[in-house]
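Working notes, beginning with the structure itself.
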Amino acid sequence: MLDQDALAEAYNRALSLEKAGDLDGAAMAYQKVLEIDPDDHGGAAVRLASMGRGIVPPKAPDAYVATLFDQHAEMFDTILVDQLGYDVPLQLREMFLEIDGEFHAARMLDLGCGTGLSADALDNMASHKTGVDISENMIEVAYEKGDYDALFVGEAVRFLETAADGVWDLIAATDVLPYMGELDRFFAGISAHLQSAGYFGFSSETQSDERFSGRDFIVGDFHRFAHAQSYVRTMLAKHGMECVRCENITVRSEQGSPVPGHLYVARRK
């Protein structure tokens, strides 16, 4: 059983050292956190990578992502939209309308659906909407809103790999890539469940070429993954999807500064 008191003490010590600028000390403290909590509910692995004191993991730990969003579910819309200026689903809607002024999908899959911001933004663009999120509390809020025809609690890649017969002509994944680094399995799952000529709309955060230093993805200053556009395009092509649109966007603000990113629409060949 997880020793919650020992975990809280170790995690608070690590945070204090990190905030004080003692990154080497913080790194040692976060390693202690991981010894106590191998599932990593507090995201120590991504914090280590952000500090440059650990390897960049292939994704954020599931326990961390679920815990993070479970804690913020009730105030999620207020925090993300009102405080951080997040409007990526609305930007995606505008991009689809630019592609086709009468854009409409029969079946939409919303991965990392959260409380349903994409379902709201794309409301009249899909006849049937399925939402998937790793956070049970987020799914409860989305259910109460009533915007989806079907809802599932689950991690996105695992859902795609186990959903044997689901096929959609629109798959959305806004604010999902910032919690995963490696995209191969994710895009393979998207391709497997996307109807021929179907659309995949998604967003990513990014950094300068100098910051990437030739790497496909990194963990940024605020503990989220950033992806090089070249890597995203390579993964799309590998899995039979053509990049129809890619635009530079501001994903959100963080501590008063804009967070740069990309908004993509791809089409299954």
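Table: residues versus (1) at pLDDT 95 or above; (2) of a type outside the set (Asp, Glu); (3) crowded, with 17+ Cβ neighbours inside 10 Å.
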residue: GLN4; (1), (2), (3): no, yes, no
residue: LYS19; (1), (2), (3): no, yes, no
residue: ASP39; (1), (2), (3): yes, no, no
residue: TYR64; (1), (2), (3): yes, yes, yes
residue: GLU74; (1), (2), (3): no, no, no
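The set of residues in the stretch 185-206 being under 18 Å from THR234 (Cβ atoms) and under 16 Å from the mean Cα position of the chain (by Cα) consists of ARG185, PHE186, PHE187, GLY189, ILE190, PHE200, PHE202, SER203, SER204, GLU205, THR206.
Checking each residue in the stretch 184-227 for being assigned to a loop (DSSP other than H, G, I, E, B), in contact with a strand residue (DSSP E or B) (Cβ under 7 Å, 6 or more places away or on another chain), open to solvent by less than 70 Å² (accessible area, probe 1.4 Å) and not charged (D, E, K, R) picks out THR206, GLN207, GLY220. Considering the stretch 92-101, the residues that are under 26 Å from LEU151 (Cα atoms) and charged (D, E, K, R) include one that is most open to solvent (accessible area, probe 1.4 Å), namely GLU94. Of the residues examined, ILE171 is not one that is touching a residue at least 24 places away in the same chain (Cβ under 8 Å), β-branched (Val, Ile, Thr), outside any strand (DSSP E or B) and surrounded by 22 or more Cβ atoms within 10 Å (Cβ to Cβ).
Taking the options GLU136, GLU140, GLU74, name whichever one is touching a residue at least 24 places away in the same chain (Cβ under 8 Å), among the acidic types (Asp, Glu) and in contact with an Asp or Glu (Cβ under 7 Å, 6 or more places away or on another chain). Every option except GLU136 fails the conditions.
Matching residues to (1) touching a Phe, Trp or Tyr at 6+ places or on another chain (Cβ under 7 Å); (2) acidic (Asp, Glu); (3) open to solvent by 50 Å² or more (accessible area, probe 1.4 Å):
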| residue | (1), (2), (3) |
| --- | --- |
| LEU7 | no, no, no |
| GLY25 | no, no, no |
| ASP77 | no, yes, no |
| LEU90 | no, no, yes |
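Once the stretch 121-141 is narrowed to residues that are assigned to a helix (DSSP H, G or I) and over 15 Å from GLY201 (Cα atoms), the residue that is least open to solvent (accessible area, probe 1.4 Å) is MET138. Residues that are over 21 Å from LEU170 (Cβ atoms), outside any strand (DSSP E or B) and open to solvent by less than 60 Å² (accessible area, probe 1.4 Å) within the stretch 230-269 comprise just one, TYR231.
The values are calculated or read from the model by the stated rules, or taken from the named source; none is laboratory data. Predicted model only: the values in this text are computed from it and were never measured. Virtual Cβ from ideal backbone geometry, glycine too; neighbours counted across all protein chains shown. Surface accessibility is based on the protein's heavy atoms, side chains included, excluding ligands, DNA and RNA. Shrake-Rupley method; radii C 1.70, N 1.55, O 1.52, S 1.80 Å.
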